[in-house]
Amino acid sequence: MNRPLPLGWLLAAVILVVVPAALWLFGSAYAARLAQLVLITALLAAALNLLIGTAGLLSLDTVVYYGFGAYLTAILSTNYGTTLPTEILAAAAAGALLGGLIGWPLVRLASIFFAVATMGLATIFHTTVLNWVDLTRGPMGYRGIPAFKLGEFTIDGWAGNYYVIAVVVLGGVWIVHRLTHSYYGNAMRAAREDEDCARAMGLSPHALKLQAYAVHASLMSVAGALYAHANNFLSPDNFVLLESGLTLTAVVVGGLGSLPGAFIGALVVVLVPELLRPLGNLRAFGFGMILFLSILFLPRGLWSEVSSLAFVRRHLFREGWLKR
Amino acid sequence: MSSLLEIDRLSRHFHGLRAVDEVSFGVNRGELVGLIGPNGAGKTTVFNCIAGTLAPTLGELRFDGARITGFAPERVAALGIARTFQNLRVFPDITVYDNVSVGAIGRAGVSFAGALLPFLERGRTRRIADSTSTALERFGLAAHAGTLAGNLSYGQKKLLEIARALALEPKLLLLDEPAAGLNGNETEALAVLVRDLRDAGLTILLVEHDMPMVMRVCDRIVVLDSGRLIADGAPAQVRADAAVRAAYLGDDS
Ligand SMILES: Nc1ncnc2c1ncn2[C@@H]1O[C@H](COP(=O)(O)OP(=O)(O)OP(=O)(O)O)[C@@H](O)[C@H]1O
Ligand SMILES: [Mg+2]
């Protein structure tokens, strides 16, 4: 009964075997770097999807928690020589705590007001990082962040980095998967659809939304921890509102509320701009055009919530998780 | 017979409008009580006060012997009061199965930890699955389990709302105009169903404009007019009441 999904195995196999093999055979340092970025973006998109797709909270504060986790890790590893497990736990716990505190008043706001408030958070965060020079080194950026450390080992080389990132990202995505493909997910979707009616059914939408918000903050903070090491360098410019917009784009292009969509969306927003490099100055134009047209013609994204839920559940029913 | 629900001088005002004005009545265990009255009489407002959607301006509500005045809706639901809405409130973008499961989830509860580590909540999960399936089958919705609720016919949506409320396994069911918009056959089937629920021991408070149905299924009828209670008695008694005929039923019924 407790077998993981075949779909999950497929995803794990692609990420842990197929992609590294392809990188090893044909890849370059550049390709490996892109692969890492796709994975980190997929975790961001999965976390944001939990919030926007499942809980229905349109949020633009990705960079707040992503940046928080990144700077936290940069500071910890540079000053205290922390190792990977400590950093991941610290980022997860501090992210959840920060998300819980900010989320408490925030998730009471309705739709558009919530969105505007999160935009404000993103701006506050960027300004803080830019100006709190003692802590963040300000506009100069945080240079020389050490590589991942596991116990006594320092992980260098693309393969080690890739595997660390892959395992952590898969873990994070598994958490989102469990939360969305369970009765807990049904409760969140009900709160999203009609808050008053959900309350009449005995659910507490505020608690559900707050939990979704804290989990999303925690996972994004973990993604930030990965990014800090993978990139060795952080700049306030990595954490501007536009970056939140890019994660939002990944979620919408992939399909709101759909977990496979998070991966597809991450692939699109990371790889398409790279593929468009030959366009030179027209690159941003081409990318914008693709996004614009894909939303016009595929408003439910490449893989919609409905079909993704139906797809995943065929396995859940077979395993007896859910009963018809 | 003991009262399951007691409404004691309940009032709800909207900016000076007395939508509900010192209304008192009780609903006994196992009883099917009709709440009728002309448009704007205050029936839905009474429901909203019981269910916690609106706070009463004055008065007291007791359920199962305990005071529930001004409780939040989720707390009232957890105590065992389920409702349907006059204007359909299904969750349109999730499936029929998921809609009904929400009621069962409200009863059994779900937790964050349980979602991550399912073995912690195997019993709960089974209970949710069982009451969901039972409710789906009882209302002939099992065949549509995978359909998005928004795609159901109007009549099916009305049934879905009742199924969802029943999945909460309530002690008291509040039905707000379940027959509105249904055709003759559907209304007939609904009347049978409501009566069956009552015969199975459920306590029901029914707001309905379809008089033949109300007269036929209810054990007792309470009549509101302009926020005030004007009659409370057996169907035959209420039908013969002069004040009720003048306010609502008209002289031809
Ligand atoms: N939220 C509200 N704000 C202001 N006035 C309200 C509100 N809800 C109800 N009212 C008013 O209170 C009165 C009673 O309304 P209510 O909906 O309870 O009537 P009802 O008996 O359910 O009528 P119907 O048979 O048409 O459903 C009406 O005059 C209505 O306009
Ligand atoms: Mg009404």
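Each value in this text was obtained by applying a stated rule to the coordinates, not by laboratory testing. Quick caveat, the model's predicted, so the values are computed rather than measured. Ideal geometry is used to build each Cβ from the backbone, glycine not excepted, and the neighbour counts take in all protein chains shown.
Considering helices alone, the calculated mean residue ellipticity of the protein assembly as shown at 222 nm is -18000 deg cm²/dmol, with DSSP H runs of length four and up weighted by -39500 (n - 2.57) and normalised per residue.
Counted as membrane-span-like here are DSSP H helices of chain A whose alpha-carbon atoms extend 18 Å or more along the helix's own axis and whose Kyte-Doolittle mean is 1.6 or above; these are A:241-254, A:259-275, A:283-297.
Approximating the spin labels as points 7 Å out from Cα along Cα→Cβ, the residue B:216-to-residue A:128 distance works out to 6.6 nm. Whole-Hz Karplus values for region B:38-44 come out as x, 3, x, 6, x, 5, 5 Hz, taken residue by residue from phi with 6.51 cos²θ - 1.76 cosθ + 1.60 and θ = phi - 60°; glycine and proline positions read x. Contact order for chain A, expressed relative to its length and based on alpha carbon pairs under 8 Å spaced 6+ residues apart, stands at 32 percent.
Using a cutoff of 8 angstrom between alpha carbon atoms and counting only pairs six or more residues apart, the relative contact order for chain B works out to 27 percent.
Taking Cα atoms only, the orientation of helix B:122-138 departs from the longest principal axis of chain B by about 50 degrees. Its convex hull of Cα atoms gives the protein assembly as shown a direction-averaged projected area, equal to a quarter of the hull surface, of 30.3 nm². For chain B, the longest principal axis of the Cα atoms and the long axis of helix B:96-108 meet at an angle of about 80 degrees.
For region B:116-163, taking the reciprocal of the average inverse distance between every pair of different Cα atoms yields a Kirkwood hydrodynamic radius of 11.9 Å. The charge dipole of chain B, taken about the Cα centre with unit charges on the Cβ atoms of Lys, Arg (+1) and Asp, Glu (-1), comes to about 620 debye, rounded to the nearest 20. Counting beta carbons within 10 Å around each of B:204, B:36 and listing the fewest first gives the order B:204, B:36. Between the amide H of residue A:302 and those of A:254, A:255, distances stay under 5 Å, these residues lying 5 or more places away or on another chain, with hydrogens modeled in the peptide plane. For region A:148-194 versus region B:1-74, the spacing of their alpha-carbon centroids is 48 Å.
Projecting the Cα atoms of A:158, B:66, A:292 onto the charge dipole of the protein assembly as shown, computed from C-beta unit charges around the Cα centre, puts A:158 farthest toward the positive end. Placing +1 on the Cβ of every Lys and Arg and -1 on the Cβ of every Asp and Glu, with no other charges, gives the protein assembly as shown a dipole of roughly 980 debye about its Cα centre. Along the axis of the charge dipole computed for the protein assembly as shown (Cβ charges of +1 for Lys and Arg, -1 for Asp and Glu, origin at the Cα centre), the listed residues B:20, A:216, A:278 are led at the positive end by A:278. In this label model, residue B:142 and residue B:185 are separated by 2.1 nm, measuring between points 7 Å along each Cα→Cβ vector.
Assuming charge only on the beta carbon of Lys and Arg (+1) and of Asp and Glu (-1), the dipole of region B:91-168 about its Cα centre is about 200 debye to the nearest 20. Taking amide H atoms as placed 1.01 Å from N in the peptide plane, the amide H of residue B:225 lies under 5 Å from those of B:230, each 5 or more residues away in sequence or on another chain. Calculated over region A:13-239, the projected area of the Cα convex hull averaged across directions stands at 12.7 nm². Each residue in B:93, B:176 was given a count of other beta-carbon atoms within 10 angstrom of its own, and listing them fewest first yields B:93, B:176.
Ordered by the number of other Cβ atoms lying within 10 Å of each residue's own Cβ, fewest first, A:73, B:84 fall into the sequence B:84, A:73. Using θ = phi - 60° in the Karplus curve 6.51 cos²θ - 1.76 cosθ + 1.60, the 3J(HN,Hα) couplings for region B:165-181 round to 5, 6, 5, 6, 6, x, 8, 10, 10, 9, 10, 9, 6, x, 8, 4, x Hz; x is entered for Gly and Pro.
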